[in-house]
1. So if I place +1 on the C-beta of Lys and Arg and -1 on the C-beta of Asp and Glu, and nothing else carries charge, what would the dipole magnitude of the chain be about its Cα centre? I want it in debye, nearest 20.
2. Among Ala122, Pro96, Phe133, whose Cα sits farthest toward the positive end of the charge dipole of segment 95-143 (+1 at Cβ of Lys/Arg, -1 at Cβ of Asp/Glu, about the Cα centre)?
3. How large is the helix-only mean residue ellipticity at 222 nm for the chain, computed as the sum of -39500 (n - 2.57) over DSSP H runs with n ≥ 4, divided by its residue count, in deg cm²/dmol to the nearest 500?
4. Loop only by DSSP, 14 or fewer other Cβ within 10 Å of the Cβ. Give me the trypsin sites (Lys or Arg not before Pro) in segment 6-75 that pass, ordered by residue number.
5. Could you please report the charge total around Gly49, scoring K, R as +1 and D, E as -1 over all other residues with beta-carbon less than 11 angstrom from its beta-carbon?
6. When the chain is treated as a GNM, springs tying every alpha-carbon pair under 10 Å, which of Met68, Met41, Met91 comes out with the largest mean-square fluctuation?
7. Output the peptides 9-15, 79-85, 28-34 sorted from most to least packed, where packing is the average of other Cβ atoms within 10 Å over each peptide's residues.
8. State, in angstrom, two size descriptors of segment 89-143 derived from its alpha carbons: Rg to one decimal place and Dmax to the nearest whole number.
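Derivation of every value follows stated rules applied to the coordinates shown; laboratory data play no part. Here the structure is a predicted model, which is why all the values come from computation and not from measurement. So basically every Cβ, Gly included, is an ideal-geometry build from the backbone, and we count neighbours across all protein chains shown.
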Amino acid sequence: MSANQRTLSIIKPDAVACNEIGAILSKFEEAGLVIVACKMMHLTEKQAGEFYAVHKERPFFGELVEFMTSGPVLVQVLEGVDAIAKNREVMGATDPSKAEKGTIRNEFAKSVGENAVHGSDAPDTAKTEIAFFFKENEICERT
Ligand code: CMP
């Protein structure tokens with residue numbers, strides 16, 4: 001168990017376009033995750049490509065960058081006990097057809113590509129992903 005861990009969350013262009021920001025943030029808060037930083041932005045191709053650089057050899061990379069730059073996203077830092085695992089549980093499986101009932105991807109994702117949310121998958125990636133979008137002084141102490 002990791003006390004007060006932080007994770008990076010992105011509400012993706014599909015969910016922003018469908019006005020689902022509030023419903024998704026509520027799921028995080030209901031799970032005990034605390035929003036300690038939040039901003040809306042429209043990613044450039046360079047930003048999306050750098051953020052998802054780990055996937056650049058995958059066949060879906062071009063499609064992923066195109067989708068992530070297709071409209072605004074809401075990036076947040078979520079904090080809480082075991083925040084990384086808790087967020088992944090609330091998001092559900094990457095492929096919405098495999099996501100459990102009640103999870104964000106089960107309720108809001110359209111496909112494996114347009115899957116409503118991104119969340120960090122491990123402590124080291126959470127640190128890198130948070131630093132990609134936020135300076136330390138943009139993250140607020142809430143506890
Ligand atoms: P995310 O958690 O943001 O991390 C990488 C993203 O790549 C993933 O969510 C999906 O949106 C996307 N992705 C993964 N697999 C596929 C696929 N087979 N086709 C298209 N996009 C994919």
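1. Here the chain has a charge dipole of around 20 debye.
2. Farthest towards the positive end: Pro96.
3. Computed ellipticity for the chain at 222 nm equals -10000 deg cm²/dmol.
4. Hits after loop and neighbour filter: Lys56.
5. Overall, the nearby charge balance is -1.
6. Sorting by GNM fluctuation, first place goes to Met41.
7. Taking the mean over residues of other Cβ atoms within 10 Å, the ranking is 9-15, 79-85, 28-34.
8. Taking only Cα atoms of segment 89-143, I get Rg and Dmax of 13.9, 39 Å.
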